[in-house]
Amino acid sequence: MTALLTIIVLVLVAIAIWQMTKIFELSQPNTDNSQIASDKDNKLNGYLMFGFLAFIYVLTIYSLWKWGGVVLGTPASEHGKDYDNLMLISLVLIFIVQFITQALLHYFAYKYRGEKGKKALFFADNDKLEFIWTIIPVIVLAALILYGLYTWTTVMDVSEDDDPIVIELYAQQFNWKARYAGQDNVLGDANVRLIDMDKANILGLDESDPNGQDDIISTTEIHIPVGRKVLFKMRSQDVLHSAYMPHFRAQMNCVPGMITQFAFTPTVTTEEMRQDPGIVEKYKNINKLRAENAQEVLDRGQEVNVEFDYILLCNKICGKSHYNMQMKIVVETEEEYKEWLSQQKTFGESLQ
Ligand SMILES: [Cu+2]
């Protein structure tokens, strides 16, 4: 941030000096102070166009080389591959189009630079040309949008046959709570007005609803079994939040007063993901950075060495501690999941 501000200040100072010399020049008597560009000026600007073209190409290539590795890596859900494909196709298309059009734009700016007595070739009206530059974007965009819609409906489709595990994600400033639907796989009714801290009814469950008695509330982490579809139902207590699970390519807004949902099937357990070459490399780097700032990390009461874990984040800026609104997700085998679940207290038990 300081570096950016310094650059801005330097640029502003440079502009100020430039303007002052201009004023000085204009105030001198008997000098050529014509504001009309000469052929020499136009030629220089033509070359500067090429300079700018080179600058954006170099910047693009440098960014890809330098930060290309910080993308999300192996998707951990069934639909993740489709999602990544859609993203890749869109990016490649944009990249190719931008590469060609920028080159043409800057080349023509140079070619038809102002020159005394020169007139640029132009078409006042050309049906064929207009047809071509209308129809090509229409076809490409229609294909892209249809493919996107198809992917979206496939991702969002949850059928009863999938027999998904139902889990509620409850968002509030600034934490997450998860509620498992229990034996009956039906979440009990809940309402923020029923929240009763004295009785540990932190999610406002309706105590008279039998569906809620076997619900299990977890305030620390979410466990899900690999290969089973999980249906997340989102609720918010206060403001807009967004449940974001980047490794599973899942995100859904949490809106006060309504229930939203997102379902996916996790395909890679936490243990397996820790062996993923991309993750190993990333965590090597993270731990290196943490070791370099070990004292600071220890002062925060954290361990220097960290291991990969799936994570649920909030992706809507919802207040001052938004950045830290997160919850650990553990993907494990069906047996481990059942074992963990059996150790948790049901809502009925916690009321007694
Ligand atoms: Cu939030």
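The values are calculated or read from the model by the stated rules, or taken from the named source; none is laboratory data. Not measured: the values here are computed from a predicted model. All Cβ positions, even for glycine, are placed from backbone atoms using ideal geometry, and neighbour counts span all protein chains on display.
Residues are listed down the side, and each one gets a yes or a no for (1) surrounded by fewer than 17 Cβ atoms within 10 Å (Cβ to Cβ); (2) β-branched (Val, Ile, Thr); (3) within 16 Å of the ligand (Cβ to nearest atom):
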residue	(1), (2), (3)
251	yes, no, yes
305	yes, no, no
325	no, no, yes
334	yes, no, no
351	yes, no, no
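Take the stretch 112-139 and flag every residue that is touching a residue at least 60 places away in the same chain (Cβ under 8 Å) and either loosely packed, with under 11 Cβ neighbours inside 10 Å or more than 42 Å from the chain's Cα centre (by Cα) (or both).
Residues satisfying the conditions are 114, 115, 116.
In this structure, does residue 317 turn out to be surrounded by 14 or more Cβ atoms within 10 Å (Cβ to Cβ) and not acidic (Asp, Glu)?
Taking the combined requirement at face value, the residue does not satisfy it.
Is the stretch 59-73 home to any residue that is surrounded by 13 or more Cβ atoms within 10 Å (Cβ to Cβ), among the charged types (D, E, K, R) and over 27 Å from residue 40 (Cα atoms)?
no
Only one of (1) within 24 Å of residue 310 (Cβ to Cβ); (2) more than 16 Å from the ligand (Cβ to nearest atom); (3) touching a Pro at 6+ places or on another chain (Cβ under 9 Å) is not met by residue 217, so which one is it?
(3)
Within the stretch 262-285, can one find any residue that is of a type in the set (Ser, Thr, Tyr) and under 18 Å from the mean Cα position of the chain (by Cα)?
Looking through the stretch 262-285, none of the residues is of a type in the set (Ser, Thr, Tyr) and under 18 Å from the mean Cα position of the chain (by Cα).
If you take the residues of the stretch 7-64 that are small (Gly, Ala, Ser) and part of a helix (DSSP H, G or I), which of them is modelled with the lowest pLDDT?
Filtering first and then ranking leaves 27.
What's the total number of residues in the stretch 10-66 that are among the β-branched types (Val, Ile, Thr) and more than 28 Å from residue 96 (Cβ to Cβ)?
8
For residue 224, only one of the following conditions fails: (1) part of a loop (DSSP other than H, G, I, E, B); (2) closer than 23 Å to residue 83 by Cβ; (3) more than 16 Å from the ligand (Cβ to nearest atom); (4) not hydroxyl-bearing (Ser, Thr, Tyr). What is its number?
Condition not satisfied by residue 224: (1).
Please work out which residue is nearest to residue 261 (Cα to Cα), limiting yourself to the stretch 112-165 and to residues that are in contact with a helix residue (DSSP H, G or I) (Cβ under 8 Å, 6 or more places away or on another chain) and in a helix (DSSP H, G or I).
155
Of everything in the stretch 1-47 that's closer than 27 Å to residue 109 by Cβ and of a type in the set (Gly, Ala, Ser), which residue is surrounded by the most Cβ atoms within 10 Å (Cβ to Cβ)?
Looking at residues that are closer than 27 Å to residue 109 by Cβ and of a type in the set (Gly, Ala, Ser), I get 46.
Do the conditions hold for residue 311, that is, is it surrounded by 12 or more Cβ atoms within 10 Å (Cβ to Cβ), hydrophobic (A, V, I, L, M, F, W, C) and without any contact (Cβ under 8 Å) to a residue 40 or more places away in the chain?
no
Return the only residue of 249, 228 being at pLDDT 90 or above, within 29 Å of residue 279 (Cα to Cα), in contact with a His (Cβ under 8 Å, 6 or more places away or on another chain) and not β-branched (Val, Ile, Thr).
249
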